[in-house]
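The values are calculated or read from the model by the stated rules, or taken from the named source; none is laboratory data. In this text, all values refer to a predicted model and were calculated from it rather than measured experimentally. Glycine also receives a Cβ, built like all others from the backbone with ideal geometry; neighbour counts cover every protein chain displayed.
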Amino acid sequence: MVEIKEVKTKSVSVKVEIKEVKTKKEFRKFINFHYQLYKGNPYWVPPLYKDEVDTLSKDKNPAFDYCDLTMWNAYKDGELKGRIACILNHNQEEKEGMLIARFGWIDFVDDIEVSEALIQTAERFAREHGAVKLTGPMGFCDFDKQGLLVEGFEELGSMVTLYNHPYYAGHIERLGYDKDVDMIEHQMRPGDQVPEQLERLSALVLKRFNLKFVPLKKTKDVLKYAKGIFTVLNEAYVNLHGVTLIPERQMEYLTKQYFSFINPDYIKLVTNDKDELVAFGIAMPSLSKALQKSNGRLFPFGFISVLKAIRKNDTLELYFVGVKPELQDKGVNAVLMAEMAKSAIRNGIKIAESSVMLETNTKIQAFWKHWDNRLHKRRRFYIKDL
């Protein structure tokens with residue numbers, strides 16, 4: 001399907017061509033566009049190219065079991081100028097009792113004619129399929145990159161977060177989108193010892209609830225707990241913004257996608273007196289500079305930079321923390337933070353980047369007060385009634 005949107009300007013009539021991605025050639029253009037748009041940007045971190053392809057491929061990503069995806073490229077004057085995807089998440093539809101379509105993988109040059117054509121195409125598609133709202137940027141699930149960067153444009157990005165030019169927000173807001181909710185990120189300096197107050201609280205919680213850490217030495221030690229990690233995550237995150245349960249087949253896919261890069265020293269697993277997994281914390285040495293160096297390609301030589309970054313690094317990125325509902329608000333987060341801090345200090349970590357968290361999650365944010373910290377990035381979910 002090709003749509004032509006004609007836009008009147010002062011001197012000429014310019015056509016923006018919106019082409020649905022159906023061929024392998026158009027798919028490659030869709031994937032490659034943001035690598036071209038951000039080439040040379042010192043803050044953008046190229047995603048792993050293979051992961052981008054696999055995530056958007058129906059024969060690879062189990063998210064297609066419960067989601068429908070349509071992608072479009074935008075052309076102006078014969079040149080590729082933008083892209084957008086629209087996702088219909090039917091698990092979310094069942095959870096919410098209504099269909100709220102998602103837009104994602106949105107990138108465009110600083111041209112309102114292009115952004116308008118892209119977003120209006122996604123709106124029309126969503127409306128035709130019964131959606132009552134359109135929200136984003138979002139992916140299939142909470143493991144996909146999400147949230148438009150609205151603060152922190154001169155901060156280095158990460159492998160698991162989006163980066164976008166500052167002009168994106170103005171374009172989206174001009175087209176009638178309002179803030180739904182923000183996510184924030186903190187940067188911390190762990191120092192050379194675990195804060196005494198945090199260590200005391202951790203010891204108290206472990207004793208009170210008869211909890212213990214799982215010893216991990218190798219990657220295979222972590223893999224046997226992978227399903228348990230996702231089970232805890234499902235229970236802990238189910239009521240958060242835009243989150244839907246991760247099915248078992250997708251758990252296996254995400255395990256292969258993310259756990260291949262883990263350093264066991266930064267995986268913290270907590271069990272109860274029945275040896276049941278009740279909490280976890282996952283962090284990774286930053287791969288940002290390694291991915292910039294390799295432009296998101298592992299081969300032929302990109303994997304060397306990645307392996308070096310995993311083994312020796314002074315920057316740590318906190319990815320996920322999950323605690324079973326019955327133990328939430330009981331200090332188990334303190335246990336995970338204290339143990340993670342010990343590993344960071346032992347390995348010479350100078351800077352730690354928090355995971356993205358809802359701005360309303362004040363309980364998690366309270367833990368950052370134990371370290372020298374600053375709020376350095378803000379991301380926004382936009383929404384519009386259709």
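Points to keep in mind about this one:
- Total residues in the range 86-107, condition under 14 Å from Met138 (Cβ atoms), of a type outside the set (A, V, I, L, M, F, W, C) and part of a strand (DSSP E or B): 3
- Evaluated against (1) of a type in the set (Lys, Arg); (2) under 22 Å from Val53 (Cβ atoms); (3) not in a loop (DSSP other than H, G, I, E, B), Lys308 falls short on exactly one condition, (2).
- Among residues of the range 282-293 that are at positive phi, none has a Cβ under 8 angstrom from a residue that is modelled with pLDDT of 95 or more at a sequence gap of 6+ or on a separate chain.
- For the range 36-76, a residue qualifies if it is of a type in the set (S, T, N, Q) and surrounded by 14 or more Cβ atoms within 10 Å (Cβ to Cβ), and the qualifying residues are Asn41, Thr55, Asn61, Thr70, Asn73.
- Residues satisfying the stated conditions in the range 347-367, i.e. touching a residue at least 60 places away in the same chain (Cβ under 8 Å) and either of a type in the set (D, E, K, R) or buried (at least 18 other Cβ atoms within 10 Å of the Cβ) (or both): Ile349, Lys350, Ala352, Glu353, Ser354, Ser355, Val356, Met357, Glu359, Phe367
- Test for Lys227: is it under 15 Å from Phe280 (Cα atoms) and either of a type in the set (Asp, Glu) or without any contact (Cβ under 8 Å) to a residue 40 or more places away in the chain (or both): yes
- Annotation note: of Val243, Val222, Val194, the sole residue that is surrounded by 19 or more Cβ atoms within 10 Å (Cβ to Cβ), out of contact with any strand residue (DSSP E or B) (no Cβ under 9 Å at 6 or more places or on another chain) and modelled with pLDDT under 90 is Val194.
To keep it simple, each residue is scored yes or no on (1) within 20 Å of Lys29 (Cα to Cα); (2) surrounded by fewer than 21 Cβ atoms within 10 Å (Cβ to Cβ); (3) outside the structural domain of Lys15 (by TED's automatic domain parsing).
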{"site": "Gly78", "(1), (2), (3)": "yes, yes, no"}
{"site": "Lys81", "(1), (2), (3)": "yes, no, no"}
{"site": "Cys86", "(1), (2), (3)": "yes, no, no"}
{"site": "His90", "(1), (2), (3)": "no, yes, no"}
{"site": "Glu94", "(1), (2), (3)": "no, yes, no"}
{"site": "Arg102", "(1), (2), (3)": "no, no, no"}
{"site": "Val109", "(1), (2), (3)": "yes, yes, no"}
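- Scanning the range 132-160 for residues that are hydrophobic (A, V, I, L, M, F, W, C) and part of a loop (DSSP other than H, G, I, E, B) gives Val132, Met138, Phe140, Cys141, Phe143, Phe153, Leu156, Met159, Val160.
- In a residue-by-residue description of the range 138-150, the property of being in the same structural domain as Asn41 (by TED's automatic domain parsing) and more than 24 Å from the chain's Cα centre (by Cα) applies to no position.
- Residue match in the range 48-67 (condition: without any contact (Cβ under 8 Å) to a residue 40 or more places away in the chain, assigned to a loop (DSSP other than H, G, I, E, B) and farther than 25 Å from Lys256 by Cβ): no
- Glu326 vs. criteria farther than 24 Å from Lys50 by Cα, in the same structural domain as Thr255 (by TED's automatic domain parsing) and among the charged types (D, E, K, R): yes
- Within the range 184-290, helices (runs of 4 or more DSSP H) holding 2 or more residues that are assigned by TED's automatic domain parsing to the domain that holds Met337 and under 27 Å from the mean Cα position of the chain (by Cα): 219-223, 226-237, 248-258
- The range 77-88, residues that are at pLDDT 95 or above and more than 19 Å from Ile172 (Cα to Cα): Glu79, Leu80, Leu88
- Residue match in the range 134-151 (condition: farther than 19 Å from Val356 by Cβ, in contact with a strand residue (DSSP E or B) (Cβ under 9 Å, 6 or more places away or on another chain) and surrounded by 18 or more Cβ atoms within 10 Å (Cβ to Cβ)): yes
- Qualifying residue in the range 69-85 (condition: in a loop (DSSP other than H, G, I, E, B), in contact (Cβ under 8 Å) with a residue 12 or more places away in the chain and not aromatic (Phe, Trp, Tyr)): yes
- Of the numbered criteria (1) closer than 15 Å to His241 by Cβ; (2) over 11 Å from the mean Cα position of the chain (by Cα); (3) charged (D, E, K, R), the one Arg174 fails is (1).
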